[in-house]
1. Among the listed residues 178, 252, which satisfies the condition of being buried (at least 24 other Cβ atoms within 10 Å of the Cβ) and either modelled with pLDDT of 95 or more or in the same structural domain as residue 304 (by TED's automatic domain parsing) (or both)?
2. Could you go through segment 12-26 and let me know if any residue there is modelled with pLDDT of 95 or more, more than 20 Å from residue 389 (Cα to Cα), within 10 Å of the ligand (Cβ to nearest atom) and touching a Gly at 6+ places or on another chain (Cβ under 6 Å).
3. Report, by residue number, each residue of segment 440-478 that is farther than 14 Å from residue 491 by Cβ and acidic (Asp, Glu).
4. Against the condition out of contact with any helix residue (DSSP H, G or I) (no Cβ under 6 Å at 6 or more places or on another chain) and within 16 Å of the ligand (Cβ to nearest atom), how does residue 368 come out, does it pass?
5. Could you please give the count of residues in segment 30-61 that are farther than 18 Å from residue 212 by Cβ and either free of Cβ contacts under 8 Å to residues at least 40 places away in the same chain or within 6 Å of the ligand (Cβ to nearest atom) (or both)?
6. Among the residues of segment 437-449, are any more than 27 Å from residue 221 (Cβ to Cβ) and modelled with pLDDT of 95 or more?
7. State all residues of segment 443-485 that are assigned to a helix (DSSP H, G or I) and of a type in the set (S, T, N, Q); if no residue qualifies, say none.
8. Name every residue in segment 185-230 that is on the phi > 0 side of the Ramachandran plot and either more than 8 Å from the ligand (Cβ to nearest atom) or not assigned by TED's automatic domain parsing to the domain that holds residue 369 (or both), in order of residue number.
Amino acid sequence: MSHQKQKRQGFDYCKEVKSMYDVLIVGAGVVGGMLARQLSRYRLSVCLLEKGHDVALGASKANSGIVHGGYDPEPGTLKAKLNAEGVQKMYDTARELNVPCINNGSFVCAFGTKEEEETIRALYARGLENGIEGLSIISGDEARRREPELSKDVSLVLDVPNAGIVCPYELTIAAVGNAMDNGVELKLNCHVNSIKREDGIFTVTSEEGDVIQGRFLVNCAGCFSHQIARMAGDDSFTIIPRIGEYMLLDKNEGKRVSHTIFQVPTKEGKGILVTPTVDGNLLTGPNAAIAEFLENTKTTPEGLDIVGRLAAKSVPSINFRQVITSFAGIRSSEKNGDFIIRPANSVEGMLHVAAIDSPGLTASVAIADYAIDRLREMGLATVEDPTFNGHRADPHAFRKMSDEEKDAYIKEHPEFGRIICRCETVSEGEILQAIHSNPPARDVDGVKRRTRSGMGRCQGGFCLPYVMKLLKREHGVAMETITKKGKESKYVTGKM
Ligand SMILES: Cc1cc2nc3c(=O)[nH]c(=O)nc-3n(C[C@H](O)[C@H](O)[C@H](O)COP(=O)(O)OP(=O)(O)OC[C@H]3O[C@@H](n4cnc5c(N)ncnc54)[C@H](O)[C@@H]3O)c2cc1C
């Protein structure tokens, strides 16, 4: 490839940039982010284009965060293959990127009916066919011995020891950050609205006025991937958006269960789960309903009621008065039910990595590797870059120190002794790190997702003005421009 990879710091979202890259990736969710990171292992110039003001704002922000064991997908599908391959790759990658990922195991529960118990046996057989090791079927009593809060109605359980939990947006931020540290360029606020190909070169333009060129184009646009396909003249698939709603509970509910507790899956999905999160909260959800429109992430009283009722069916002792927030995510499904990872119809050089619904998070590293194999078949030359460094510094290193170590560290770095978020004990030093590492936090929610500042019981009631002051000072901007989540979500309009 003719383009020298350059190590770049920070990000570039200038208007009217005219640049040429080896690979353009549309969409900075976990799939685009992981692909960017895996491509940064090679001597390639790569640009990641994202319409949002930060990465991980689509499905990769709002999902269950489960590393699925791989018993669920239909054998022979891409989902089955990449789920099975993806589990170990996920654990390894999370370790390299210093993203918390815990192998807590999952239980899939039947509640006394013959049909459900048959489903448990069928899932076990399917898991074996998919090559998943360690699965076993245990009685309800054995499951309750290991999970005392499990409902007495649970009669039979599929024990899935390879399953785990991970923070999905932290994983995405880390993947993109590591890709940027290795030379990938990220363009935020770059809403792709036209794609043309001439003489083997893609010219992509955005609503904001960017004009970017590349030899290969990868469509990782999640729910909007059919729109990206159509821009290039391919209407071979349509995404069906399906909403899933959640309730997140305070940390004092976080130890109700140690495994992720599923009910037997239905046609609509893997069913309502109850799970600890890597941060020590308890998560319940998601339901499954067709979303009215592609960006509909509003929760509804009806949806949350279903989540609450079904979660209590698995773990009756959950105290729902401890709910601290609710949220929803949109699955991007397709009628055939499988991932779409293939070259675009009659558009040379374009690869779709679309319809990546569950288990897309689990499989994201395997998806990226599979996509790179397809790009090679399409003519992309991949020469290893010996300077690639897959390790990302631990953003939570301070948190993990002993009290004595913290004391010594604070003497050298007093900003780590100033606590900004009292609920989650987040220091000014950690917020500054989030503002200055790749990809930099630029708004209040960006700081929140990177540091947990504002995620505790008071949901930012105390720390918000301090976080705003730090964003203002570090980015050198006016207070009136600080937003919650980009665009028009401003907090203040001026001085009184
Ligand atoms: C409710 C729910 C629960 C789930 N639970 C799990 C789970 O427990 N385990 C698991 O393995 N998987 C789970 N998944 C699936 C997983 O979340 C997805 O597979 C994964 O997040 C998909 O990532 P993505 O990068 O393809 O899409 P996204 O994260 O949606 O990213 C697509 C990106 O493209 C950008 N974009 C779109 N259009 C344009 C444009 N025109 N120009 C520029 N950028 C654009 C968007 O802004 C977005 O950032 C769940 C999904 C949902 C919704």
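1. 178
2. Scanning segment 12-26 turns up at least one residue that is modelled with pLDDT of 95 or more, more than 20 Å from residue 389 (Cα to Cα), within 10 Å of the ligand (Cβ to nearest atom) and touching a Gly at 6+ places or on another chain (Cβ under 6 Å).
3. 474, the sole residue that qualifies.
4. Criteria not met by residue 368.
5. Total meeting the criteria: 6.
6. no
7. Passing the criteria: 451, 481.
8. Across segment 185-230, the qualifying residues are 189, 199, 200, 209.
The values are calculated or read from the model by the stated rules, or taken from the named source; none is laboratory data. Remember, it's a predicted structure, so these values are computed and weren't measured experimentally. For neighbour counting, all protein chains shown are included, and Cβ atoms are generated from backbone atoms with ideal geometry for every residue, glycine included.
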